[in-house]
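This report refers to the structure that appears directly beneath it.
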C-alpha cells in the first residue's frame, strides 16, 4: 500500500520557489551593500575635492557639487532596500516576490543616480577642456 509522503509535490515546489526568492533577495541586498560602500568612498573623495575649491574652477566645483547631490540622493533608495521587509511575512511566496521586485526597482533607481553622479564627477575632474573659469 502506498503511504502518503509528508511533502506533497506542491509543497516541494513552493519550498523551492521560496528558497529561490530568498536567495535573490539576499543577492539584491549584497548589491545594495556594495553600492553603499562605493558611495562612502565617492562622497569622501568629492568632499575633499570640493573643499579644495581654490584649485578647481567654478564650473568644476559646480559639477562636483552636483555629483555629490546625485550620490546623496542615491543613498535613500539603498537604505530603503536594505530594510528587512522579508521578515514582515515569513515564508510567503507572494510577499517575497513583491519584496524582490521592490528591491530591484529601488536598486536601479540608486544605480541610475550613481551613474549620473559619476558623469558629473568626471565632468568636474576633467571638465572637458573648460579649465578654470
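Numerical summary
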| read-out | value |
| --- | --- |
| Test: residue in the stretch 89-100 that is more than 20 Å from the chain's Cα centre (by Cα), under 15 Å from residue 120 (Cβ atoms) and either free of Cβ contacts under 8 Å to residues at least 24 places away in the same chain or surrounded by fewer than 17 Cβ atoms within 10 Å (Cβ to Cβ) (or both) | no |
| Test: residue in the stretch 9-17 that is exposed (fewer than 15 other Cβ atoms within 10 Å of the Cβ), assigned to a loop (DSSP other than H, G, I, E, B) and at pLDDT below 90 | no |
| Members of the stretch 66-84 that are more than 13 Å from the chain's Cα centre (by Cα) and surrounded by fewer than 17 Cβ atoms within 10 Å (Cβ to Cβ) | 69, 84 |
| Check on residue 33, surrounded by fewer than 19 Cβ atoms within 10 Å (Cβ to Cβ), over 17 Å from residue 120 (Cβ atoms) and within 9 Å of the chain's Cα centre (by Cα) | yes |
| Residue satisfying condition, being at pLDDT below 90 and in contact with a helix residue (DSSP H, G or I) (Cβ under 9 Å, 6 or more places away or on another chain), within set 117, 129, 124 | 124 |
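Conditions tested, residue by residue: (1) closer than 30 Å to residue 93 by Cα; (2) free of Cβ contacts under 8 Å to residues at least 60 places away in the same chain; (3) part of a helix (DSSP H, G or I).
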{"position": "24", "(1), (2), (3)": "yes, no, yes"}
{"position": "27", "(1), (2), (3)": "yes, yes, yes"}
{"position": "31", "(1), (2), (3)": "yes, no, yes"}
{"position": "71", "(1), (2), (3)": "no, yes, yes"}
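The values are calculated or read from the model by the stated rules, or taken from the named source; none is laboratory data. Everything quoted here is computed from the prediction, not taken from an experiment. Because the Cβ atoms are built from the backbone with ideal geometry, glycine has one as well, and the counts that use them run over all protein chains shown.
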